[in-house]
Structure formats: C-alpha cells, structure tokens
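*Asks:* Input: one structure, supplied below.
The values are calculated or read from the model by the stated rules, or taken from the named source; none is laboratory data. Quick caveat: nothing in here was measured; it's all calculated off a predicted structure. Every residue, glycine among them, receives a Cβ derived from its backbone with ideal geometry; neighbour counts consider all protein chains shown.
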Amino acid sequence: MASPILDIAAIEQLSKTQLIDAINWLIIHDFEKLVFILYRIDVSEAKIKTLLNKENTNFAAPVIADAIIERLEEKKVSRQKYKQDPSVSEEEKW
C-alpha cells in the first residue's frame, strides 16, 4: 500500500476496513501523520489511550478507527443540529 492521502473528506469516504488498513500503514510508516490526523479530527489523545488500555489489544488500528468514526459522526450530528436555514435572510440571522 502506498502512502494514504488522508484528509477528513477522504476519511469519511473510506469503509471501516480501508480506514483500518490506512491507520495500520500510518502506524508503521508515518506515525506523526496519524497523530496530526487525529488532532485535525479532534480525537483526544487521552481517549485513544483509554480505549487502547481498556481493549487490552495488540491491534490498535481497529480501536483508533472506531474512535475516528465515532468522532466524525458526532461532528456530523452537531453540524446538522446547528445548520442554519438558508431561507432566512442575513438580517434575520442577527
């Protein structure tokens, strides 16, 4: 597998299996980029550590993938909740 080019939009399009494969690649070849991606998505380091300790597993990628998917879903729900009605004029928004 070549270096995965992962931005948030690309990550949202991946299947869970593809995301796990990309995370495994990053763990082995570019851990710094994985940390940056987790930061950009806003997955807390503390949460990852807690999940990895709780799962007591040698396979970190599926745990990290679940955390990413969960956080992206939270963000999606939040965007929908606070989405502004486009039919409301700019003056009424204030």
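*Asks:* Out of the residues in segment 23-32 that are assigned to a helix (DSSP H, G or I) and touching a residue at least 12 places away in the same chain (Cβ under 8 Å), state the one that is farthest from Glu12 (Cα to Cα).
*Replies:* Selected residue: His29.
*Asks:* Of everything in segment 3-53, what is charged (D, E, K, R) and closer than 13 Å to Ile69 by Cα? Give them in sequence order.
*Replies:* Of everything in segment 3-53, those that are charged (D, E, K, R) and closer than 13 Å to Ile69 by Cα turn out to be Glu12, Lys16, Asp42.
*Asks:* Suppose we filter Leu14, Leu6 for residues that are modelled with pLDDT under 85, surrounded by 13 or more Cβ atoms within 10 Å (Cβ to Cβ) and not small (Gly, Ala, Ser); which single one remains? Before the answer, list the steps.
*Replies:* Details: Leu14 fails: modelled with pLDDT under 85.
Sole residue among the options that is modelled with pLDDT under 85, surrounded by 13 or more Cβ atoms within 10 Å (Cβ to Cβ) and not small (Gly, Ala, Ser): Leu6.
*Asks:* Considering only segment 56-66, I want to know if a residue exists there that is surrounded by 15 or more Cβ atoms within 10 Å (Cβ to Cβ), among the small types (Gly, Ala, Ser), closer than 24 Å to Arg79 by Cβ and under 12 Å from the mean Cα position of the chain (by Cα).
*Replies:* Taking every residue of segment 56-66 in turn, at least one turns out to be surrounded by 15 or more Cβ atoms within 10 Å (Cβ to Cβ), among the small types (Gly, Ala, Ser), closer than 24 Å to Arg79 by Cβ and under 12 Å from the mean Cα position of the chain (by Cα).
*Asks:* When you look at Ala61, is it among the hydrophobic types (A, V, I, L, M, F, W, C) and closer than 19 Å to Ala22 by Cα, yes or no?
*Replies:* yes
*Asks:* For a quick check of your reading of the model, give me the residue pairs whose first member lies in segment 33-62 and is of a type in the set (A, V, I, L, M), whose second is surrounded by 13 or more Cβ atoms within 10 Å (Cβ to Cβ) and outside any helix (DSSP H, G or I), with beta-carbon atoms closer than 6 Å and at least 6 apart or on different chains.
*Replies:* Listed by first residue and then by second, the contacts come to Ile37/Leu6.
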